[in-house]
Amino acid sequence: MIDSSNSYSGQYSAYLCGYAGCNDRIWQSFTVPASYTKITVTYWWYSDTNKTAKQCLDTFSSHLQNSSGGTVRTLQQSCNTNVTNKWVQESFEVSSNLVAYKGKPVTLLLLGTNALGQPQTSDFFVDAVKVIVQ
């Protein structure tokens, strides 16, 4: 999943999918500080596809999850029908979503999927992921 073919900064990025039926996931857990003013999740992502179908078959999404795997907040959901073909920065202010999790672990999950049995695929790259606490 760590790949040198397409990075935003540095030499490597996370490469999700690019093959039929993929269900690629990367994640990082962190403890929400007991006190904070603001928490922001940022990352750069890139997507491309060779699909010709005009329906959502391949997806990239990002989520904050609690320690049981439940979704605290879905940050992003994108399809092969709206690929970027360039690096795009996403930023999500999540302070209010994490109030109940002060002092507790949460996980940032990045997920790529491609439809099973499809000869055409989509690629998703992620780089420079940050959780900024103020």
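Can you confirm whether F124 is closer than 23 Å to Y15 by Cα and touching a Gly at 6+ places or on another chain (Cβ under 8 Å)? In short, yes. Scanning region 53-74 for residues that are in contact (Cβ under 8 Å) with a residue 24 or more places away in the chain and in contact with a His (Cβ under 8 Å, 6 or more places away or on another chain), we see that the one that is nearest to V99 (Cα to Cα) is V72.
Can you name the residue in region 77-101 that is touching a residue at least 40 places away in the same chain (Cβ under 8 Å) and hydroxyl-bearing (S, T, Y) and, of all such residues, is surrounded by the most Cβ atoms within 10 Å (Cβ to Cβ)? Let's see the steps before the verdict.
Here is the first cut: in region 77-101, the ones touching a residue at least 40 places away in the same chain (Cβ under 8 Å) are 80, 86-95, 98, 101.
Then drop every residue that is not hydroxyl-bearing (S, T, Y), which leaves 91, 95, 101.
On the way: S91: 11, S95: 14, Y101: 17.
Only one residue tops the list, namely Y101.
So, of the residues in region 18-30 that are under 12 Å from the mean Cα position of the chain (by Cα) and either of a type outside the set (K, R) or under 19 Å from N50 (Cβ atoms) (or both), which turns out to be surrounded by the most Cβ atoms within 10 Å (Cβ to Cβ)? Full working, then the answer.
Start the filter on region 18-30 by keeping residues that are under 12 Å from the mean Cα position of the chain (by Cα), which leaves 24-28.
Next cut, either of a type outside the set (K, R) or under 19 Å from N50 (Cβ atoms) (or both) only: 24, 26-28.
Values: D24: 18, I26: 16, W27: 12, Q28: 11.
Step by step, filter region 18-30, then rank; the result is D24.
Show me the strands (runs of 3 or more DSSP E) entirely contained within region 16-134 in which 2 or more residues are aliphatic (A, V, I, L, M) and either out of contact with any Pro (no Cβ under 9 Å at 6 or more places or on another chain) or at pLDDT below 95 (or both).
Because the criterion is at least 2 residues that are aliphatic (A, V, I, L, M) and either out of contact with any Pro (no Cβ under 9 Å at 6 or more places or on another chain) or at pLDDT below 95 (or both), the strands (runs of 3 or more DSSP E) in region 16-134 that meet it are 71-79, 105-113, 122-133.
The single condition among (1) under 13 Å from V129 (Cβ atoms); (2) touching a helix residue (DSSP H, G or I) at 6+ places or on another chain (Cβ under 6 Å) that C56 does not meet is (1).
The values are calculated or read from the model by the stated rules, or taken from the named source; none is laboratory data. Because the structure is a prediction, the values reported are computed rather than measured. Cβ sites come from the backbone with ideal geometry, for glycine too, and all protein chains shown count toward neighbours.
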